[in-house]
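So the structure is just underneath, and the comments pick up after that.
The values are calculated or read from the model by the stated rules, or taken from the named source; none is laboratory data. The shown structure was predicted, so the numbers you read here are calculated from the model rather than taken from an experiment. Because the Cβ atoms are built from the backbone with ideal geometry, glycine has one as well, and the counts that use them run over all protein chains shown.
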């Protein structure tokens with residue numbers, strides 16, 4: 001492995017390869033196979049999908065080792081897995097297992113309420129959630145090779161994903177109209193690293209790919225995220241909590257490719273069986289909002 | 001000369017950025033109709049199983065095979081090489097347009113991805129290097145008689161050519177060295193209708 005810069009390039013490189021794709025949450029090898037056959041670009045191995053974590057409660061942790069291995073053995077596409085925020089050792093274990101990407105995720109119960117993992121120390125790339133530009137740049141500062149907007153996992157309600165995508169976009173646009181003299185004050189206000197603030201101001205985008213997550217349940221939801229600038233989507237409960245997971249997975253995969261063609265989206269969505277039922281995000285208490293975890 | 005970029009899934013935007021910097025006109029290809037318009041085509045990196053699934057849905061696979069047999073110049077990178085390969089291990093469907101065998105993820109999972117110098121050999125025997133970004137790269141384990149190898153990593157062929165097809169198991173689109181894209185553009189200009 002070459003220098004640190006090359007190491008970061010290959011991490012971001014894998015994120016580049018996942019663009020225009022769908023990353024599906026799976027809890028068994030069987031589901032992973034369904035995801036791969038449907039055209040998913042990657043799978044996310046976890047113990048329970050977010051909708052079940054909400055209902056069942058309890059501490060949500062990294063998936064069982066046997067489960068991750070079983071999933072790695074049955075698909076050829078990249079396998080991601082989630083760790084609790086700040087759980088350095090779960091991260092080290094997933095790296096030892098050679099998962100392809102680690103999601104330091106608010107969907108699991110946080111292990112550290114102050115600190116996230118210092119991700120530059122790892123060879124495996126990380127993706128982290130964010131609600132706005134400041135949070136995105138803090139995670140990138142720690143070494144995240146991909147950002148995903150958090151949305152509200154397990155809700156089936158797209159409203160939070162939209163809020164977070166819009167906030168990130170607005171944050172990027174705002175930086176581009178500030179002059180150099182204003183950037184330090186803005187960095188202070190965003191609580192974000194100055195160098196990254198300046199990079200965004202100069203380049204009019206995040207330095208790593210930006211995907212969307214949290215609440216995507218239909219091909220139209222996936223299309224909306226792409227319209228708002230997401231470069232790919234994560235789908236959690238939206239597929240395997242729907243009435244016909246293989247059919248819905250295929251439809252969402254196609255929607256992410258053909259999102260600019262409304263007639264095509266009509267065709268893709270026609271005859272789909274029932275989506276997941278969902279919870280209205282605005283009815284959740286602040287305690288129940290997974291997106292409030294992490295900072 | 002209009003260069004197409006297959007834009008079903010993967011890093012097609014990175015290829016488009018290279019074409020933009022070379023001032024080459026390009027169009028994204030997502031349907032068989034769009035494929036008919038182009039004079040050259042790039043098959044990007046990404047996930048070959050996802051791309052294949054989306055190509056079948058579109059009737060693109062058959063049309064693409066027709067056009068490549070008709071001489072359409074192609075640059076395939078990483079997953080694009082898998083799409084064109086004759087035989088793949090572990091077995092999966094492909095277009096079978098390149099007389100090579102390919103082993104998927106042969107160098108290991110993502111933690112083994114790396115940047116490495118690829119040794120280039122031109123037809124006159126002169127040697128040079130190009131930066132290769134290898135990401136969960138496939139390995140070419142056999143090349144047929146019509147395949148010319150002009151880039152190697154250690155002993156393995158990583159940059160090859162067969163007729164109008166240029167294939168790299170790495171990602172020239174993720175570097176600032178655009179020699180491989182220029183090669184395709186040259187072919188496309190020759191092929192232009």
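Enumerate the helices (runs of 4 or more DSSP H) found wholly within segment A:19-92, keeping only those where 3 or more residues are more than 14 Å from chain B (Cβ to nearest Cβ) and more than 21 Å from residue A:106 (Cα to Cα).
Numbers: elements: A:29-38, A:50-56, A:65-74.
Output list reads A:29-38.
Considering every residue within segment B:60-76, establish whether at least one is within 10 Å of chain A (Cβ to nearest Cβ) and either surrounded by 23 or more Cβ atoms within 10 Å (Cβ to Cβ) or closer than 30 Å to residue A:80 by Cα (or both).
Step one: list which residues in segment B:60-76 are within 10 Å of chain A (Cβ to nearest Cβ), which gives none.
No, because not a single residue in segment B:60-76 is within 10 Å of chain A (Cβ to nearest Cβ) and either surrounded by 23 or more Cβ atoms within 10 Å (Cβ to Cβ) or closer than 30 Å to residue A:80 by Cα (or both).
Could you tell me which residue of segment B:125-162 is nearest to the other protein chains (Cβ to nearest Cβ), considering only residues that are modelled with pLDDT under 95 and part of a loop (DSSP other than H, G, I, E, B)?
B:154
Give segment B:165-187 a look and list any residue that's surrounded by fewer than 20 Cβ atoms within 10 Å (Cβ to Cβ) and either more than 19 Å from residue B:39 (Cβ to Cβ) or touching a strand residue (DSSP E or B) at 6+ places or on another chain (Cβ under 7 Å) (or both), or say none. Give the derivation first.
Step one: of segment B:165-187, the residues surrounded by fewer than 20 Cβ atoms within 10 Å (Cβ to Cβ) are B:175-179, B:182-183, B:186.
If the condition is that a residue be surrounded by fewer than 20 Cβ atoms within 10 Å (Cβ to Cβ) and either more than 19 Å from residue B:39 (Cβ to Cβ) or touching a strand residue (DSSP E or B) at 6+ places or on another chain (Cβ under 7 Å) (or both), then B:175, B:176, B:177, B:179, B:183 are the ones that fit.
Would you point out which residue out of A:66, A:47, A:70, A:30 is farther than 27 Å from residue B:114 by Cβ, surrounded by fewer than 18 Cβ atoms within 10 Å (Cβ to Cβ) and within 21 Å of the chain's Cα centre (by Cα)?
The conditions single out A:47.
It is to be established whether one or more residues within segment B:91-102 are farther than 22 Å from residue B:140 by Cβ, free of Cβ contacts under 8 Å to residues at least 12 places away in the same chain and surrounded by fewer than 24 Cβ atoms within 10 Å (Cβ to Cβ). Before you say what the answer is, go through the steps one by one.
At the first step, the residues of segment B:91-102 found to be farther than 22 Å from residue B:140 by Cβ are none.
No, segment B:91-102 contains no residue that is farther than 22 Å from residue B:140 by Cβ, free of Cβ contacts under 8 Å to residues at least 12 places away in the same chain and surrounded by fewer than 24 Cβ atoms within 10 Å (Cβ to Cβ).
For the structure I just gave you, tell me whether residue B:38 is away from every other protein chain (no Cβ under 13 Å) and at pLDDT 95 or above.
So residue B:38 fits the description; yes.
Test of understanding: among A:73, A:66, which residue is under 19 Å from residue A:39 (Cα atoms) and out of contact with any strand residue (DSSP E or B) (no Cβ under 6 Å at 6 or more places or on another chain)?
Values: A:66 fails: under 19 Å from residue A:39 (Cα atoms).
One residue alone meets the criteria, A:73.
Just wondering, is there one or more residues in segment A:88-98 that are within 27 Å of residue B:46 (Cβ to Cβ), touching a helix residue (DSSP H, G or I) at 6+ places or on another chain (Cβ under 7 Å) and at pLDDT below 95?
Looking through segment A:88-98, none of the residues is within 27 Å of residue B:46 (Cβ to Cβ), touching a helix residue (DSSP H, G or I) at 6+ places or on another chain (Cβ under 7 Å) and at pLDDT below 95.
Please work out if residue A:156 is at pLDDT 95 or above and buried (at least 19 other Cβ atoms within 10 Å of the Cβ).
For residue A:156, the condition - at pLDDT 95 or above and buried (at least 19 other Cβ atoms within 10 Å of the Cβ) - is not met.
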